[in-house]
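Everything on this sheet refers to the single structure shown next.
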Amino acid sequence: MNSTYEAPRRLIKTADDIEKMRVAGRLAAEVLDMIKPHIKPGVSTLELDTICHDYIVNKQDAIPACLGYGAAPGRAAFQHVICTSVNHVVCHGVPSASKILKKGDILNIDVTVIKDGFHGDTNMMYIVGGETSILADRLCKVAQEAMYRGIATVKAGSTIGDIGYAIQRYVESERFSVVREYCGHGIGTVFHDEPQVLHYGQPNTGMVLEEGMTFTIEPMVNAGVWQTRLMGDKWTVVTKDHSLSAQYEHTLLVTKNGVEVLTARPEEDLSRFTK
């Protein structure tokens, strides 16, 4: 039985689509750089959200994709432009005036920008006050490297399973765990599209990657068990055992020879990846 399958043709971007994806990706990356100096002890996560909203709408002339997104039975639409996930929050943390950052906190900011109908989606970790525990610091480094290990597998002809296998093998070798319930995703004119990009799995399985596909890799790495819990707001996801969690995310383009990171930031060394 064949454990791989071909991508639907609609997932292959045109040259014009790709140029628009590059712009959206660059804008999303710029938000994460812009907000960095504002992240300090005593600042609320709602203040950070307000700054990002102003920047995206008024400076970038773009649309914040998360604002008003995701209404469902029993769950209100998301009312902010970024997700702010602190310490044991895995993902989708809701900005709040009452959530005041403290020195040593680890904070993930996740942002998605729409420009000319196309989405750029990225997130990264920040250490509030510049110093944190040895465990938290190592967790953040492992989460970033896990993302890079996944990206390194991406090329035409490889599979979604190759990505998950590389990430899971690395994270578990570092004695951390990979969240199972949430994953990366296809992206373009649609925010969350096919394929689902699991951050665990077996090589040579799942959708076969083709030149022109765009999707995110965004592993969530926990210091304790991989299981999570959804809070009463129906957005905020926390670790089941209250352990720390860290995440990094990039939007990627599959190229003929490898991968292009569409949300690359200036400080990143991406020389290991072949475009």
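The values are calculated or read from the model by the stated rules, or taken from the named source; none is laboratory data. Since we're looking at a predicted model, the values are computed, not measured. Note that we place each Cβ from the backbone using ideal geometry, even for glycine, and neighbour counts take in every protein chain shown.
Filter region 118-133 down to residues that are β-branched (Val, Ile, Thr) and part of a strand (DSSP E or B) and give me whichever is farthest from the chain's Cα centre (by Cα).
Out of the qualifying residues, it is ILE127.
Considering only residues that are without any contact (Cβ under 8 Å) to a residue 40 or more places away in the chain and more than 21 Å from ILE100 (Cβ to Cβ), which ones fall in region 35-60?
Result: TYR55, VAL57, ASN58, LYS59.
I'd like to check something: does region 96-117 contain any residue that is in contact (Cβ under 8 Å) with a residue 60 or more places away in the chain, assigned to a strand (DSSP E or B), surrounded by 23 or more Cβ atoms within 10 Å (Cβ to Cβ) and not hydrophobic (A, V, I, L, M, F, W, C)?
yes
So is ASP16 exposed (fewer than 13 other Cβ atoms within 10 Å of the Cβ), in a loop (DSSP other than H, G, I, E, B), modelled with pLDDT of 95 or more and not polar (S, T, N, Q) or not?
no
Restricting to region 227-275, what's the tally of residues that are more than 22 Å from ALA136 (Cβ to Cβ) and modelled with pLDDT of 95 or more?
Result for region 227-275: 17.
Mind checking whether some residue in region 69-82 is surrounded by 21 or more Cβ atoms within 10 Å (Cβ to Cβ), closer than 27 Å to ASP269 by Cβ and in contact (Cβ under 8 Å) with a residue 24 or more places away in the chain?
yes
Give just the number: which of (1) touching a helix residue (DSSP H, G or I) at 6+ places or on another chain (Cβ under 6 Å); (2) part of a helix (DSSP H, G or I); (3) among the small types (Gly, Ala, Ser) does ALA136 not satisfy?
Status for ALA136: all satisfied but (1).
Would you point out the residue of region 63-79, among those that are assigned to a strand (DSSP E or B) and over 17 Å from the mean Cα position of the chain (by Cα), that is farthest from GLY232 (Cα to Cα)?
Filtering region 63-79 for residues that are assigned to a strand (DSSP E or B) and over 17 Å from the mean Cα position of the chain (by Cα), the one farthest from GLY232 (Cα to Cα) comes out as ILE63.
All but one of (1) assigned to a strand (DSSP E or B); (2) in contact (Cβ under 8 Å) with a residue 40 or more places away in the chain; (3) surrounded by fewer than 18 Cβ atoms within 10 Å (Cβ to Cβ) hold for ARG229; which doesn't?
Every listed condition holds for ARG229 apart from (2).
Any residue in region 24-32 that is at pLDDT 95 or above, part of a helix (DSSP H, G or I) and more than 17 Å from the chain's Cα centre (by Cα)? Can you show your working first?
Keep residues of region 24-32 that are at pLDDT 95 or above, which gives 24-32.
Still in the running and part of a helix (DSSP H, G or I): 24-32.
So of that shortlist, the ones also more than 17 Å from the chain's Cα centre (by Cα) come out as none.
No, that holds for no residue.
Just name the residue that is surrounded by the fewest Cβ atoms within 10 Å (Cβ to Cβ) out of those in region 139-184 that are of a type in the set (S, T, N, Q) and part of a helix (DSSP H, G or I).
SER173
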